[in-house]
Amino acid sequence: MATAEEYLRVTGLHAFYGESHILHGMDFSVNRGECVTLLGRNGAGRTTTLKAILGLTGKRTGSIMLNGREVIGWPAHKIAHLGVGYCPEERGIYASLSAEENLMLPPQIASGGVSVDEIYAMFPNLQERRKSQGSRLSGGEQQMLAMARILRTGARLLLLDEISEGLAPVIVQKLGEVIRTLKESGFTIILVEQNFHFAAPLADRMYIVEHGRIVAEIGRDELEQKQALLHEYLGV
Amino acid sequence: MSEIFGIPIQAFMGQLMLGLVNGSFYATLSLGLAVIFGMLNIINFAHGALYMAGAMLAWMGLNYFGIGYWWSLLLAPLGVGLIGIVIERSMLQWLYKLDHLYGLLLTFGLALILEGLFRDLYGVSGLPYSIPEEFAGAYNLGFMFLPKYRAWVILASLLVCFATWFVIEKTPLGAYLRAATENPKLTQAFGINVPLMVMLTYGFGVALAGFAGVLAAPAMQVSPLMGSNLIIVVFAVVVIGGMGSILGSIVTGLGLGMIEGLTKVFYPEASSTVVFIIMAIVLLVRPAGLFGREK
Ligand SMILES: Nc1ncnc2c1ncn2[C@@H]1O[C@H](COP(=O)(O)OP(=O)(O)OP(=O)(O)O)[C@@H](O)[C@H]1O
Ligand SMILES: [Mg+2]
């Protein structure tokens, strides 16, 4: 895509948890409006990549250009204000907050977020359960809430970690539709996925992560010819 | 009817009121401890010393600068809160990742230093602080005389405790606080400045202690030791109520104050130990405290 502008460029990113060295020089980029997926085996370092972008790991080195700015040294609470929304792997629904409080918690960081009415139209269950305590929601409801609450804020880059994990097929399908809608309205999305069959139809490009590095990049039209790579790294 | 269980109603109600006054202090202090513990994971042993500092600041304000009770009620807690913010920024912030024990030891050391400082300056004999004239005298309730200042202490403490509870449990700011208490990293990833909130929370928690100190100044002797006398009971209250529960610390504080007062009526010998006896029983039956959640 020659015309596309980069929203995120990660170069030579190393990240640590305490003494453990987890990312060993990640290099990749995401263009505005693109949906990119990070695939890889368990423990490959995909969650850590998202956390490193957000400033949630320990020490980091290398470069993270976000929306034209170098953010490698920034504290976590400033990074969100560049338009980043995060849906964590463990969903991160606050048990001590009601569903509605969870939804309203992330502060508005830019105009143009999805309105609460639209969100409730997208996820009718959440409206029914809005007075429930976060800890009382089902896994599927928690996942929808974790997605919904970052749409409200005006974030334009969504970091979504394993949103299809452990959910019933209908809900996975529903989430797929939501992602498609979001793409159409111009969101930039990084999907970390285990589920190749969920990610493949949604992604414009795929990166394969192994041992804290990008080991392959596959464009949407190269799926056929790079079948062997996919088989080697992911077993699909 | 002029007697309850063979005790003159005047004496009974008088002790109950006094118990409620003490309970108000327990509630305000243990509430501050609970808020601080929830957010910072630190058991603030300096709480008693900062309560004392609140009373001392009120006394100093009056005697050196002619600042009266009402202004002190506002300024002394602000001063104590500011001291708290300096403590948090310069020392506590480096301890969050370590065991509770480090924070406890540091704040214990700070308490000793603060108390030592005021002891050196003012001795231990206690300084007088007179009741503001609006509250001189007592209400005649028919069955008892209620000193106006005691009524004010109870009312003011309840208002402050209720307002704190309301802000934490019912407002968007409180939702930030609860979220940051539960999952600070994620909350920060949403763009909320958690380190700032932690600093302000500590400042607010100790300002509550400073507020209680100003309330106490006319009711008790202002003395460098007033904090350490009280804080032991307050920690027992916190253990009974369960660390970290907002409502629990308020209810337990008031309740134990009243139980203490009633013990003075029925079995005065036990009045200074009854809280600790209850603590032992609660620890046996519910180790996490009455309102605490087991981890
Ligand atoms: N908090 C932590 N402290 C130390 N090591 C960690 C921590 N979190 C993850 N790791 C290690 O970092 C490596 C990468 O983990 P990461 O969670 O990024 O993998 P992943 O690709 O997301 O895989 P998964 O499918 O399991 O989610 C793993 O070896 C893991 O053990
Ligand atoms: Mg992961």
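The values are calculated or read from the model by the stated rules, or taken from the named source; none is laboratory data. Given the structure is predicted, the values throughout are model-derived calculations rather than measurements. Using ideal geometry, Cβ is built from the backbone for each residue, glycine included, and neighbour counts are taken over all protein chains shown.
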### Query
So, of the residues in segment A:101-139 that are over 23 Å from A:Val84 (Cα atoms) and hydroxyl-bearing (Ser, Thr, Tyr), which turns out to be surrounded by the fewest Cβ atoms within 10 Å (Cβ to Cβ)?
A:Ser135
### Message
Can you pull out every residue in segment A:38-53 that is at pLDDT below 95 and either over 14 Å from the mean Cα position of the chain (by Cα) or more than 10 Å from ligand 1 (Cβ to nearest atom) (or both)?
### Response
A:Gly40, A:Arg41, A:Asn42, A:Gly43, A:Ala44
### helices (runs of 4 or more DSSP H) completely within segment B:155-237 that count 1 or more residues being more than 14 Å from chain A (Cβ to nearest Cβ) and over 22 Å from B:Asn41 (Cα atoms)
B:194-219
### Summary
Checking A:Ile163, A:Ile171 in turn, the sole residue that is touching a strand residue (DSSP E or B) at 6+ places or on another chain (Cβ under 7 Å) and within 14 Å of A:Gly140 (Cβ to Cβ) turns out to be A:Ile163
### Of the criteria (1) within 16 Å of ligand 1 (Cβ to nearest atom); (2) among the hydrophobic types (A, V, I, L, M, F, W, C); (3) part of a helix (DSSP H, G or I), which one A:Phe16 fails
(3)
### Message
Please count how many residues of segment A:148-174 are more than 16 Å from ligand 1 (Cβ to nearest atom), closer than 30 Å to A:Gly68 by Cα and out of contact with any helix residue (DSSP H, G or I) (no Cβ under 7 Å at 6 or more places or on another chain).
### Response
6
### Task
Those residues that are in a helix (DSSP H, G or I) and within 16 Å of ligand 1 (Cβ to nearest atom), I need them from segment A:75-109; list them, please.
A:Ala76
### Task
Could you grab the pairs with beta carbons closer than 6 Å, sequence gap of 6+ or different chains, first residue in segment A:156-175 and within 14 Å of another protein chain (Cβ to nearest Cβ), second one more than 16 Å from ligand 2 (Cβ to nearest atom) and among the aromatic types (Phe, Trp, Tyr)?
A:Leu157/A:Tyr7; A:Leu158/A:Phe187
#### Entry: Matching entry among A:Arg41, A:Arg69, A:Arg46 (being more than 14 Å from chain B (Cβ to nearest Cβ), within 16 Å of ligand 2 (Cβ to nearest atom) and surrounded by fewer than 16 Cβ atoms within 10 Å (Cβ to Cβ))
A:Arg41
### Query
Given the residues A:Lys78, A:Lys51, which is the only one that is within 16 Å of ligand 2 (Cβ to nearest atom), free of Cβ contacts under 8 Å to residues at least 40 places away in the same chain and within 14 Å of chain B (Cβ to nearest Cβ)?
A:Lys51
### Message
For the structure I just gave you, tell me whether A:Ser98 is among the small types (Gly, Ala, Ser), away from every other protein chain (no Cβ under 14 Å), over 21 Å from the mean Cα position of the chain (by Cα) and surrounded by 14 or more Cβ atoms within 10 Å (Cβ to Cβ).
### Response
no
### Query
Can you spot a residue in segment B:280-295 that is within 19 Å of the chain's Cα centre (by Cα) and assigned to a helix (DSSP H, G or I)?
no
